[in-house]
Each structure stands twice: as structure tokens, then as C-alpha cells.
1. Can you pull out the residues in region A:1-44 that are more than 27 Å from A:Phe194 (Cβ to Cβ), in contact with a helix residue (DSSP H, G or I) (Cβ under 6 Å, 6 or more places away or on another chain) and without any contact (Cβ under 8 Å) to a residue 60 or more places away in the chain?
2. Let me spell it out: the conditions are (1) away from chain A (no Cβ under 14 Å); (2) under 30 Å from A:Leu202 (Cα atoms); (3) buried (at least 16 other Cβ atoms within 10 Å of the Cβ); (4) touching a strand residue (DSSP E or B) at 6+ places or on another chain (Cβ under 6 Å), and B:Pro166 meets all of them except one. Which number is the exception?
3. Would you mind telling me which numbered condition in (1) over 27 Å from A:Gly69 (Cα atoms); (2) in contact (Cβ under 8 Å) with a residue 24 or more places away in the chain A:Ala290 fails?
4. Listed residues B:Ala88, B:Ala172; which is farther than 19 Å from B:Gly217 by Cβ, within 14 Å of another protein chain (Cβ to nearest Cβ) and among the small types (Gly, Ala, Ser)?
5. Residue by residue through region A:45-62, note down the ones that are touching a helix residue (DSSP H, G or I) at 6+ places or on another chain (Cβ under 9 Å) and under 18 Å from A:Phe216 (Cα atoms).
6. For the subset of region B:94-107 comprising residues that are aliphatic (A, V, I, L, M) and either at pLDDT below 95 or in contact with a strand residue (DSSP E or B) (Cβ under 8 Å, 6 or more places away or on another chain) (or both), which member is farthest from B:Trp3 (Cα to Cα)?
7. Residues being crowded, with 16+ Cβ neighbours inside 10 Å and touching a Ser or Thr at 6+ places or on another chain (Cβ under 9 Å): count how many of those fall in region B:24-38.
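The values are calculated or read from the model by the stated rules, or taken from the named source; none is laboratory data. These numbers come from a predicted model, not from an experiment. Here Cβ is always computed from backbone atoms with ideal geometry, including for glycine, and neighbour counts include all displayed protein chains.
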Number of protein chains: 2
Amino acid sequence: MTWLDLPADHPFGITNLPYGVFSTAGSSPRVGVRIGDLVLDLAAAAEQAGMESYAVWAQGSLNPFLALGRPAWTSAREWLVEQLTNPAQRDAVEPHLVPLADVTMHLPVEVADYVDFYASEHHATNVGRLFRPDSEPLTPNWKHLPIGYHGRSGTVVVSGTDIVRPSGQRKAPTESEPSFGPSVRLDIEAELGFVVGGSSELGSPVSVADSDEHLFGVVLLNDWSARDLQAWEYVPLGPFLGKSFATSISPWVVTTDALRAARVPLPWQTDPAPLPYLAGEATDDGAGTAYGLDITYEVDWNGTVVSRPPYASMYWSPAQMLAHMTVNGATVRPGDLFGSGTISGPEKDQRGSFLELSWGGKEPVALDDGSERTFLEDGDTVVLRATAPGPDGTVIGLGECTGTIRPARTQTP
Amino acid sequence: MTWLDLPADHPFGITNLPYGVFSTAGSSPRVGVRIGDLVLDLAAAAEQAGMESYAVWAQGSLNPFLALGRPAWTSAREWLVEQLTNPAQRDAVEPHLVPLADVTMHLPVEVADYVDFYASEHHATNVGRLFRPDSEPLTPNWKHLPIGYHGRSGTVVVSGTDIVRPSGQRKAPTESEPSFGPSVRLDIEAELGFVVGGSSELGSPVSVADSDEHLFGVVLLNDWSARDLQAWEYVPLGPFLGKSFATSISPWVVTTDALRAARVPLPWQTDPAPLPYLAGEATDDGAGTAYGLDITYEVDWNGTVVSRPPYASMYWSPAQMLAHMTVNGATVRPGDLFGSGTISGPEKDQRGSFLELSWGGKEPVALDDGSERTFLEDGDTVVLRATAPGPDGTVIGLGECTGTIRPARTQTP
């Protein structure tokens, strides 16, 4: 129990303790931990406590802390819990708590490599039906490996950053030539992002069993997508400009330690069974290391919750995505980020993209203000929110990831 | 004319002056410029000359220098030429010249985002015939936009780094289930890589006309490719593990300034004509900013030159690739790297991958030692080399990019 005056069901209680990068007026960005509606200035608190490692928290990104690896993350969490639960620490810690209202949040991670997966069977099936109506919706490889591709790390932005409508080439099947202009099918993809720490040696895979050594935490991720640009460009080498203009992530990185109570099994991985390098091993709590996450998610479009995609329905697990990504010997680095791919459940109101919710633009979505939408209009705001079960009946908040669409800057140049 | 004793046709003469990162025994990596078979220790020479900017050259990558942008690159080149041609500078400069034999070369750039294009019509046509024999070899978008995708920046390595054979999933069309194991179709892709400097604002494209502000220089690039992994994974989201295990680049970044005499027009861009944002504008020298590069390239397999791909045959120009990559508002950052895609000319002995040279493994390539090859065997060494015409009949060397294949570390785990 923390000595702070917090309701037991606060989504940022003592069982959560997510990391972010914040600044206050006139100060440089540095690492903080959220507790309730306060931010603990970690470098300041740790310096006062005489911890040698405080310097990693005085930086403007989590990367130096991520580089320290799992043992440092575990001891930091133990130290934090002690600071915030032992009343004897109160006088030392309280001066370093800053009201959330007084801080600006920054991108928490300097993103090294960004990979986006495609781990929802429902999403992949829906997109297959919409993009390739004359083929089987799932490609033959889909249940054998977590399909993924590299995205643009330089355009990952923090929640709250405005999204300029991208321009580019598109050609509808009914048109004879491509044309250039602002995207008219601008969409979201509601995802989780996994923040990677530690590092590995070139040529040596990270196994499913070792994935906990590298899976530091989770953010909400909006993989903004220009469907018209994507449809014209993506054969044969995959999505490029339809995705690379911006990817938003939430400011608070919720640790995998805080999400242990949210682990759920993946009972559907039987036909086909995954190859041994993806299979994982059973652990004491029975969940296996190839676990899913019971995260409740909502997509808010201009104030209307239009979808509640259940993360527990994802086919592939984070550990499997990491093991697959490195099985060819590719290294991981502190600050690597990988997205789950759009989270879509089996029901219509569980779809994580507007492409799916509006079924390719043919079935408009009704908002509470009486308007209808298929894709994003200028001025629209999307907010992603999520929570997970914590230990002892607590709630783990993942916070919000928001963005507002601004008009395209370029017309046909 | 330099005061160094150099033959006029030396590929690293005064008209070249490429940048790299080197170290000597017991010293930290720092920036150097190659002249003949010597390396000029730039930070030391600049500090002695009282240049304030020397600190950017004392770092272990070119990124701080790249961040300074075009005006700094131009004045640095003018200063370098003065140092190496004015005999009055000889006594000050000579102590900072290190024999190439005494240095270790390092990765010249901390790669920010890595993109790989697909800009050779001959390569794309060959691969289309091999991978999709029942379709038109070029996809409908190919002549309208430079197709590209993001690769893994964390596994870009410097020439000379051993390449561990990757393992992964593959499934031949004749097999009913995928299997796991070391790649049996390990290949090269002979490319040029373009090193980007300066930065841009999110939402604002870099035009073809402005591309010179960001195109710093060129390296040789080997996009090692596991064709069996790639064929099974790449539909629908593009290449991933078939490419991400390693990409080698040459240690010396030859500046675009040194390659001005190598600019050639792209007369084939007429049917279809590129959209205006890709068209570029005519310049005084008549080459247009959407220029190609007359670079002569060779691929050496275990001592036998098996191919001479002509870079001048590439369909899309570097400026067009950069403009396309950012037309959706994606930013560029210092250290971004993009590859041209495999360079293949129209003739069989101009193909830049072994997939094409062996026509999918069906036509073995004869080496001078009497052996035959289709794909790479453990112990094989590949060396890429290139030169370009310089001003006044000089030759601009791009150096070498080499790698040797080591056995896979993982069997079926």
C-alpha cells in the first residue's frame, strides 16, 4: 500500500509504475514514473538516495535505462515500490513528485528499429477480404509465422502530436493512370507497441524462453495508414509511404512486470502447431512464455467509442514475435519497438481500423454528434485507451494515445 | 594538384576525398578522409588548424558532421582541397596522415532509417519472372513510382564483417508444410547506398530540386538475401527475415560532390512520364536534378568477376527516390541510408544477384577455380568494387565491400 492518497482502483497505482520522459517549464526532458496523477522525477529522487545509476534517468529518453537490461529493471522496480510504500521514505520522495498537469510528455524512447506485425487473425482476414477479394483471405504462411515488416522509426511521435494528412500516389482499379494528392482514405490501426531493451549478438537469436530478458514494456500505438497510397504501392515489397508519415505512441511505457497478472494462454495454436522455435515452454504459472495479454482496449473517434478490440484475441504472442524477428540472427538494440498489428476481435464492434469498421468505406460509422464517417476528416481526433487486470484486483492503466488530423500541406506540386 | 606523391589516375586522388571512420591501435574511432593509400585524421588536422568544427570529426560516426548539412560539407571540402594542394600546408598536415595499412575501418554511419529501393528495371523484371512466373514481370505501379520498403538499420555492418548464414522458415511450392533450418539459397544484391544528411520537418517533403541538400554521399551496399526465407514470408507485407540478418556497406563514403562528373541523364522516363513531384528540373549542365550515375561496378565471387552491373542503367534516380520517400511528409534524419536495389543491366553478365545469374539456381555459374555455384556456400567471399569518372579524366574509386559466409549457428532449435 502506497503512502500516497490513492483509490485502490486507480489505474496508475502502486502495481503499475510506468516510465515516461517528461519536462517541466524551463527544464530538460528526463525520465519519470507515473503514480496516480503525479510524476516522480526519477533522476532527482535517485540522486538524493545516493543511487549510482541515477544518471541513466537524467537523459531525454529511456534508452540508457533500457540498455541496462532485465536485472536493472527488476531492482529499479523494487526500489520504486520501497520508496512509494515505506512511510519513512515519504519526506525524501515527496519533493520530487510533480503534478501531471505541470508536465509536458515527450517521446519516451529514441526508436532504434521499428517493426510492425500483423498478429490478429480477425484483422488479417478482414483486410485480406477487402484488399484481395479473389483470393483466400489469409495467405498460406499466416498461421506458420508472425508476418511483419520494418517501418520508419524516425516518424514515431508521442501522443498529442498533430498528424498532417499525407499526400501521395493512388490509383483506383477503375482508373487508368495514378494521380497525386492528399490521401482520401486516411485510417488508424489500434495496436500495442512493445519496447525492447538489452541487446543481442549478431547471428544469435533471442528464444521465446529468453524473451522476458528483452521485453521491457508496452505502449499504445496508432499506426496511421493511408489506405489509398498503400493499396497502389504495396505489391510486391509491402507497405511504405502509406504508413511511414507517422506512428503515434502513448507516453507511458507500462512494464511487462506490471502486466504479469494479465497473461493469458493462446489455446488456438494447434492447427498448425507452431514450429519449435515459436512454441515456447510452460512456466510455473501455467501461462507459458508464449502468453497473450488480457488488455481491454477502446477506440474513441471525436468523442464516440466506436470499437473495443480485445487484445486477448491476438493469435501470436509478443514473445513469439520477438523470437521470430531474431531467429535469422538479427540483433535487438535498446529502443527497438515492435507493433502487434491492428487489434481486431471477432465482432464488428471489435475492429481496430476504420477500413474494417466501415468495410472498405461502404458502411459509414455513426458518431454520437449525429455525423457519419468512413475515413478520417481534417480536424478529427482519435483517442486510444486501454487497461489490464493487475494483481490483487487492481487495474493497470495504459493511458491514452491521441492525435488530431491536420490538412495536407502539399497539393499537387 | 596535391603535394602528395600520387599517380594522376589513383582512384583516391584529390578529386575524390571520401569520408570514413577509422581507428589506430589503442585509439578511439574517429572521422578520416582517404587520400591515396593514407588516411587524414580530420579532427587532429582541424584542431591544429584552429577550426571550431573539428569536434564533429572526433566522434565515432559521421552523423554529427552529416547533421551540419550542405553548407558545412561544401566548406569542409574546400578546406580539405586547400590542405592537400597548397604546399605551404604540407608541414602542418603531414603528421596527421596515417597509412591505410595501420587503420581499422568502422561502420561510417550510425544508420537512422534504412530503406531499400528496387530501381533497376532489369532486376525487377528478372525477379518478377522468377518469383511470379504466371504474372506480368513488372507490377502495374513499377514505372510510376520507385518501389521501396524499410529494412533493418541495426544490422547494417561494415565491409569485412563475417556473415553468419541465417536460419528460418521456408516452404517450397512442392512441400506441404514449412520447415526450419539454415538458408539453402543465400544470395547477394549488389547495390549502391545513399547516405543522407541534414534533416527535414515532419509533414514537409524534400523535393527533387532540394535533394542535393540532403544527398551527402554514396557507399557500395550488399543486401545479403536468403531467397528461400524471402519467398515464403514476403506475401503480403514484403521482405523481412530474408533480408534483415545483415547488410554490408563499404567503409568510405564517396561524396556526391566527387560524383558530379558521373551524372548522366535518364532518357527512358517517357512512357509513362513521371508525375510532377518525381520529374525534377533541368539544370545548367543539362543533366537535370533527376540524374543517374555512370558508375562501373563489379561483383567478385571467390576471386572470379562474375558480373559487371552498369549503374547508369538504373531506371530511377537517387533524387527521385529521396523525393518519393518523403512526399508523404516523412522526415529525413542525419544517418538515413537508402539502397538503390540490385543493379542489373540488360545483359546476362550484368546481373547483380546470384538468383538472376543462376536463373533461380538452374544455370550454375562457373568460377575460375573450376568450381560451380548457384547460391553461396559456407566460406565463400564476395567482393563488390566500383569506380566512376571524375573531373578532368580522373577516376573516383568507391573502394570495396566484402563479406565471407560463416556456417549457421542454429540448427532446428
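1. Selection gives A:Ala44 alone.
2. (1) is the only condition that B:Pro166 fails.
3. Unmet condition: (1).
4. Of B:Ala88, B:Ala172, the one residue that is farther than 19 Å from B:Gly217 by Cβ, within 14 Å of another protein chain (Cβ to nearest Cβ) and among the small types (Gly, Ala, Ser) is B:Ala172.
5. Hits for region A:45-62 are A:Ser53, A:Val56, A:Trp57, A:Gln59, A:Leu62.
6. Filtering first and then ranking leaves B:Leu107.
7. Looking only at that region, the number is 6.
Each row is one residue, and each column tells you yes or no for (1) out of contact with any Asp or Glu (no Cβ under 8 Å at 6 or more places or on another chain); (2) surrounded by 23 or more Cβ atoms within 10 Å (Cβ to Cβ); (3) closer than 30 Å to B:Leu80 by Cβ; (4) not assigned by TED's automatic domain parsing to the domain that holds B:Val39.
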{"residue": "B:Leu202", "(1), (2), (3), (4)": "yes, no, no, yes"}
{"residue": "B:Glu213", "(1), (2), (3), (4)": "yes, no, yes, yes"}
{"residue": "B:Phe216", "(1), (2), (3), (4)": "yes, yes, yes, yes"}
{"residue": "B:Leu221", "(1), (2), (3), (4)": "no, yes, yes, yes"}
{"residue": "B:Ser248", "(1), (2), (3), (4)": "yes, yes, yes, yes"}
{"residue": "B:Val254", "(1), (2), (3), (4)": "yes, yes, yes, yes"}
{"residue": "B:Leu266", "(1), (2), (3), (4)": "yes, no, no, yes"}
{"residue": "B:Gln269", "(1), (2), (3), (4)": "yes, no, no, yes"}
{"residue": "B:Pro272", "(1), (2), (3), (4)": "no, no, no, yes"}
